1. When the residues of segment 61-77 are narrowed to those that are buried (at least 19 other Cβ atoms within 10 Å of the Cβ) and more than 16 Å from the chain's Cα centre (by Cα), which ends up nearest to A235 (Cα to Cα)?
2. Could you tell me whether A142 is away from the ligand (no atom under 16 Å from the Cβ) and either at pLDDT 95 or above or within 30 Å of L114 (Cβ to Cβ) (or both)?
3. Please go through segment 148-169 and give me each residue that is closer than 22 Å to F8 by Cα, more than 13 Å from the ligand (Cβ to nearest atom) and of a type in the set (F, W, Y), ordered by number.
4. Tally the residues that are closer than 15 Å to G303 by Cβ and acidic (D, E), restricting the search to segment 219-257.
5. Of the conditions (1) under 20 Å from Y343 (Cβ atoms); (2) crowded, with 20+ Cβ neighbours inside 10 Å; (3) of a type outside the set (F, W, Y); (4) more than 11 Å from the chain's Cα centre (by Cα), R221 clears all except one; give me its number.
6. Go through G135, G124, G108 for me and flag whichever is on the phi > 0 side of the Ramachandran plot and near the ligand (Cβ under 9 Å from one of its atoms).
7. Please state which of the following conditions L188 fails to meet, knowing it meets all the rest: (1) surrounded by fewer than 23 Cβ atoms within 10 Å (Cβ to Cβ); (2) of a type outside the set (S, T, Y); (3) in a loop (DSSP other than H, G, I, E, B).
8. Picking from A278, A299, which residue would you name as being closer than 24 Å to K69 by Cβ and either within 16 Å of the ligand (Cβ to nearest atom) or in contact (Cβ under 8 Å) with a residue 24 or more places away in the chain (or both)?
Amino acid sequence: ERGGFDHFMQKEIYEQPQAIRDTLGGRIDENGNVDIRAELTFSDRNVCDIDRVHIVACGTASYAGMVGKGLLEQLVRVPVEWDIASEYRYKGPIFTENTLVIVVSQSGETADTLAALREAQRNGARVLAITNVVGSSIAREADDVLYTWAGPEIAVASTKAYTSQLIAFYLIALHFARVRGALPQEQLRALAVQLRQLPEQAERLLAQAGKLREMARKIARHAHVFYIGRGLDYAVSLEGSLKLKEISYIHSEAYAAGELKHGTLALIEEGTPVIALATQRALFGKTLSNVKEVKARGAYVIGLRTEGNGELDSSVDDLLEIPDVHPLLTPPLSVVLLQLLAYYTAVLRGNDVDKPRNLAKSVTVE
Ligand code: M6R
């Protein structure tokens, strides 16, 4: 049932090109027009009226939501608040007349996310759910659902659900941006056309597995690992770091790269692994200076950039590359490499990769 793979997690990492393809489905035509109108109850008027978005989820789904926040802010220019579901309910969220709440959940059964959904509805907000399970509690109770079509995810560590959730956010952001005229149609179409190339690009990244296994050897014996990045790279760093700690049991933290010098830099010692994501062209120079800061303190640095962009070679110990895509499209590609790194590290440490200690696949307690 693992289809020749050693673990479900590995199989699910390799299923990502298909999960992305299925989630894009018939939702973009070959000219780059995104249309998800038929799946939503929103009129174009409703879409135009949205004046605030809350994105609420737990764990990996929340990190997909953090990328979603960046996409909605940059493409739709709508203010977005992002919250962890277990915090959202108790903080007294502030709703406007036209607040849209987007909840994200692979299983559709996470208790805190379901409670957040109910809290939002009690306050009169419209709730759009991004979920992977048809007929789940969240799918049934939400006002609208945009399904991810990742297929069943068995491993506790979420992989293909995350990439599919990112795709759902691209679709929502492009659809909203088009309806609201937030950006020139040409620009949106060009992005959508690139989106359709992601499955093949993700496929090609899987060929780097051997390289990631080698890098895993270098980090497997360490007690602490740091991930740094700016903008969308920071959001992906959080997910990469969660993946590593969840299955390898190595302590790891993700930091907005510019924040290191405000405290965390004190933890960098000779040999401390730092994974530096530098795929955001506009921020490259800034991230590079943060790479140099950790390098100067003796860190072992793995740099990740888009092919050929930015001079990193002389400042890092190992280099990873993803295809040269638009900066908004790097997260679903970068994450594949981080998932492989976490996977091989956990395997090397002899852990139960699919069923990490203390964790459950679906968290139905609050
Ligand atoms: O089913 P959900 O997407 O609501 O689950 C949310 C989290 O429990 C989940 O993403 C968790 O963080 C994963 N184990 C991370 O790999």
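The values are calculated or read from the model by the stated rules, or taken from the named source; none is laboratory data. Note that the structure is predicted; figures quoted are calculated from it, not measured. Cβ coordinates were reconstructed from backbone atoms using ideal geometry, including for glycine residues, and neighbour counts include every protein chain displayed.
1. Quick first cut of segment 61-77, residues buried (at least 19 other Cβ atoms within 10 Å of the Cβ) only: 61-72, 75-76.
Retained after the next criterion (residues that are more than 16 Å from the chain's Cα centre (by Cα)): 75-76.
Working: L75: 17, V76: 19 Å.
The residue in question is L75.
2. Values: away from the ligand (no atom under 16 Å from the Cβ): no; either at pLDDT 95 or above or within 30 Å of L114 (Cβ to Cβ) (or both): yes.
Answer is no for this residue.
3. Answer for segment 148-169, where residues must be closer than 22 Å to F8 by Cα, more than 13 Å from the ligand (Cβ to nearest atom) and of a type in the set (F, W, Y): just W149.
4. Qualifying residue count for the region: 1.
5. Going through the list (1) under 20 Å from Y343 (Cβ atoms); (2) crowded, with 20+ Cβ neighbours inside 10 Å; (3) of a type outside the set (F, W, Y); (4) more than 11 Å from the chain's Cα centre (by Cα), R221 breaks only (2).
6. It is G108.
7. In the conditions (1) surrounded by fewer than 23 Cβ atoms within 10 Å (Cβ to Cβ); (2) of a type outside the set (S, T, Y); (3) in a loop (DSSP other than H, G, I, E, B), L188 misses (3) alone.
8. On the way: A299 fails: closer than 24 Å to K69 by Cβ.
Answer to the selection: A278.
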